[in-house]
Amino acid sequence: MRELMEIRTVGVMTPGEMGHAVGRVLRAVGLRVITCLEGRSERTAARSAQARIVAVADDLTLVREADVILSILPPAHAVAMAERIAAAIRATGTDLLYADCNAIAPQTTCKIGDVLAAVGVRSVDGGIIGGPPTSSEAPTRLYVSGPDAPCLTRLQTPELQVRVVGPSIGQASGLKMCYAALTKGLTALATEALAAGHVLGLEELLRSELQESQGALLAWIERAIPRMPSKAGRWIGEMEEIAATFGGVGLPPELMVGAAALYRLISETALGEETPDVRRQDPPASGVAEQLAAHVSPNGTRA
């Protein structure tokens, strides 16, 4: 096993909803946390300041000062971020550890590893399961894999558990993909079923049957769906990455392609225009289904 590197400074790219929360708990255990806010929104800058993450001037400064960089951003931007950091490392000749912690397919993770290896950078495959870390009673899990994955255990906090999956790049991201297929994939299926029931005028009968025969499932649906619309736009890319994961192992990708299409549709509704940190009170699952039904069938229910 490789010797664990010392980590004093962590770069978080970027300090969005998840990233700033990770940065905050890392600061709480004595680590210096930095970021580069070039091209980022005022909301991201405010989150960064709230978490007391230090904003450095540019990417060159970031890679010179960081011992490890955590990439935490929407999956569609994961490769571009790796290329951006690789360019800064090429320009400075610095050495650091890069951990991609995004919801991406194993093959995308391997592509990122190749980009970084080309400039001599070691990479770790990561996958985050759970919401932004806030509580030690329900800690967020950061699963990591690859030869240098044990180094990331230095980032363990009461709110953020770091779990080593294995020695191969692709294992942690694969776990994340399979898990998200079950949770977010099921949320998409349940939303579509409830919306179809509403359009067909069968919503109450459907809910009654679920209560009678699938009570635990109904309770899960009523917790999961209300929190989903404000995140739907960000989940499109994640479903597409899961589809690529399934296709890559010879399984049909169409289920997750459909989930991506459903989330794209929801992102076009008024509910989908909200963000997780700026939103009205979450509607009940039936309310989400009703708004989606009205979006696709504006004339109301069908006989």
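The values are calculated or read from the model by the stated rules, or taken from the named source; none is laboratory data. Predicted model, so just to flag it, every value in this text is computed and none were measured. Counting neighbours? That spans all protein chains shown, and the Cβs are built from the backbone with ideal geometry, glycine included.
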The range 117-130, residues that are touching a strand residue (DSSP E or B) at 6+ places or on another chain (Cβ under 8 Å), surrounded by fewer than 21 Cβ atoms within 10 Å (Cβ to Cβ) and in contact (Cβ under 8 Å) with a residue 12 or more places away in the chain = ARG122, ILE129
Considering residues of the range 1-40 that are of a type in the set (Gly, Ala, Ser) and under 22 Å from THR134 (Cβ atoms) only, the residue surrounded by the most Cβ atoms within 10 Å (Cβ to Cβ) = GLY23
Quick one: is GLY166 surrounded by 15 or more Cβ atoms within 10 Å (Cβ to Cβ), farther than 18 Å from GLY247 by Cβ, touching a Ser or Thr at 6+ places or on another chain (Cβ under 6 Å) and modelled with pLDDT of 95 or more?
-> yes
Does any residue of the range 89-102 turn out to be over 21 Å from GLU65 (Cα atoms) and crowded, with 21+ Cβ neighbours inside 10 Å?
-> yes
Kindly establish whether VAL68 is buried (at least 23 other Cβ atoms within 10 Å of the Cβ), closer than 26 Å to SER136 by Cα and of a type outside the set (Lys, Arg).
-> yes
Could you figure out which of (1) touching a Gly at 6+ places or on another chain (Cβ under 9 Å); (2) at pLDDT below 95; (3) surrounded by fewer than 19 Cβ atoms within 10 Å (Cβ to Cβ); (4) closer than 23 Å to ILE128 by Cα isn't true of GLN50?
-> (1)
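Each row is one residue, and each column tells you yes or no for (1) in contact with a strand residue (DSSP E or B) (Cβ under 8 Å, 6 or more places away or on another chain); (2) more than 30 Å from ALA243 (Cα to Cα); (3) modelled with pLDDT of 95 or more.
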site	(1), (2), (3)
LEU4	no, yes, no
VAL22	yes, no, yes
LEU60	no, yes, yes
ALA80	no, no, yes
ALA87	no, no, yes
ALA105	no, no, yes
Among the listed residues ALA260, ALA224, ALA216, which satisfies the condition of being modelled with pLDDT of 95 or more and surrounded by 19 or more Cβ atoms within 10 Å (Cβ to Cβ)?
-> ALA260
